[in-house]
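Worksheet: the structure to be examined is printed underneath.
Bear in mind these aren't lab numbers, they're just calculated from the coordinates by the rules spelled out. Here the structure is a predicted model, which is why all the values come from computation and not from measurement. Using ideal geometry, Cβ is built from the backbone for each residue, glycine included, and neighbour counts are taken over all protein chains shown.
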Amino acid sequence: MKSFLIFILLGILIFIGWQYLIVDNGYVLIEFLNYSIETSVPIFLVSLIISYFVFRIFGVVWRSPKMIRGKMEMRSKERSLKLHHEAQALIGQGLNKKAVKKLDSSISADEKNVNAVIDRMNLAANENDFKFISEIAEKLIQKEPKYKSYVFSHACKLLIDLDEYSLAQKFADKLILDSSKNAEARNLLFMIKSAAGDPSIIGQLPEYAKTIDGKILSETILKLSRKLKGQKTVEDLFGGLPRSLDKQPDFITAKCELWMAKEDHIKAETELKKAIPSYWNENHIYLFSKLKISNIESLSSQLEIWLKERPRDSNLWLAASRVAQKEDLWSKAKQCLERSIELKNDSQKQTELALILAQLGEKDEAFDVLNKISEIDGPKLVK
């Protein structure tokens, strides 16, 4: 539009000028230092017009490679996005092998397509291909360093899940090297050390607690305590930690598991009686059913109170069944377990039901239950 207006304006000026020049051509004198140029007005105007078009053409030619590259890059990005969307549709259908091919093509079209690279890393994790995750993350950051924190953090989490702790730590260390105050990197480093069962982390827990999110801290503490398998006491592991962690369900689970591993069931019972009505956490209810105390009837009475409040909680019914088994109340155990199965069924509950039926002398019914499980998990049993 701008060029069109310029052409119109030039046309008008030429027309007006031409009308005057018919009467008198005039002349133009240009002097510069010791040089001078003298010409008629028509020739000067024609020279200006020619010079304008020459510079315009030169500008277009000069910009052409950049414009062509820009258009090619745009087309590549559009193709990459299209292939990525097709890959996501295939992932949604569970067709991961076809999705891998689409994602590889998408990344080939545009190596800076971060989302395609992330999805490709996720599929590589499904195949336990930790080397590919590392290589593609490094390659992307060479092209797009601004995504370093996001991509390296994601790669690190995938590698932790694959138990590739040394490789995961390399990515976490690079992030911390860029910024020692990177909270995400410190979280990842903590997760790596705890998942690897690094005993040095025990003494560092109070320091990590100052910066690590409480939920992440409690989750990793639970994993660490389970790896140690009762080798440490609650005081050894959790001394000096903030009281705010006492509100985290996983932290409560870790404490109770350690107490029970050391046969301190009274402390665990006290803690669980406070925690269960607050969180109705599956792990807490399970641990409650595993308590070894002299007054088993008190456990049963407590579960009955909770079941009045939550009659549709399958975990509470399962716990009630297990406590009844401790009391040798097999009929009650059966009734509670059947109620739990009605609310939420799984093969483990069916196996427990078969054992209870065997205790009640109902062997045929027990075999029928086991055969129902085997229809899913394996060959049928023979009576």
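The phi-based Karplus calculation (6.51 cos²θ - 1.76 cosθ + 1.60; θ = phi - 60°) puts the 3J(HN,Hα) values of segment 271-285 at 5, 5, 5, 7, 7, 4, x, 8, 10, 6, 7, 4, 5, 5, 5 Hz, whole numbers, x for Gly and Pro.
With respect to the chain, whose longest principal axis is taken over its alpha-carbon atoms, helix 249-261 is tilted by about 40°. Of the options (i) 0.92; (ii) 1.10; (iii) 1.79, only one is Cα Rg over 2.2 N^0.38 Å as computed from these coordinates, and that is (iii). Applied to segment 294-300, the Karplus parametrisation 6.51 cos²θ - 1.76 cosθ + 1.60 on θ = phi - 60° returns per-residue 3J(HN,Hα) values of 5, 9, 5, 4, 5, 5, 4 Hz, with x for Gly and Pro. Taking the longest Cα principal axis of the chain as reference, the axis of helix 183-195 is set at about 40 degrees.
Packing, taken as the mean count of other beta carbons within 10 Å per residue, orders the peptides 89-97, 130-138 from highest to lowest as 130-138, 89-97.
Using only helices, what value at 222 nm comes out for the chain when you add -39,500 (n - 2.57) per DSSP H run of length 4 or more and divide by the total residues, to the nearest 500 deg cm²/dmol? Counting only the DSSP helices, I get -25000 deg cm²/dmol.
When only Cα pairs below 8 angstrom with a gap of at least 6 residues are kept, segment 232-365 shows a relative contact order of 15 percent.
Arranged from fewest to most other beta-carbon atoms within 10 Å of their beta carbon, T253, T39, T211 become T211, T39, T253. Compared with the dominant Cα axis of the chain, that is its longest principal axis, helix 130-143 is turned about 30°. For L95, no residue whose modelled amide H falls within less than 5 Å of its own remains once neighbours fewer than 5 places apart on the same chain are excluded. Summarising the amide proton neighbourhood of S40: residues at separation of 5 or more, or on other chains, whose placed amide H is nearer than 5 Å comprise V28.
Residue order for V117, V369, V46, V100, fewest other beta carbons within 10 angstrom first, comes to V46, V100, V369, V117. Pairs of Cα atoms nearer than 8 Å and 6+ residues apart set the relative contact order; for the chain it is 5 percent. In percent, what relative contact order does segment 199-268 have, based on Cα pairs under 8 Å that are 6 or more apart in sequence? Value for segment 199-268: 36 percent.
Rounded to the nearest 20 debye, the dipole size of the chain about its Cα centre is 500 debye, using +1 on the Cβ of Lys and Arg and -1 on the Cβ of Asp and Glu. With neighbours defined as other Cβ atoms within 10 Å of a residue's Cβ, the residues S149, S179 order from fewest to most as S179, S149. Placing +1 on the Cβ of every Lys and Arg and -1 on the Cβ of every Asp and Glu, with no other charges, gives segment 294-383 a dipole of roughly 100 debye about its Cα centre.
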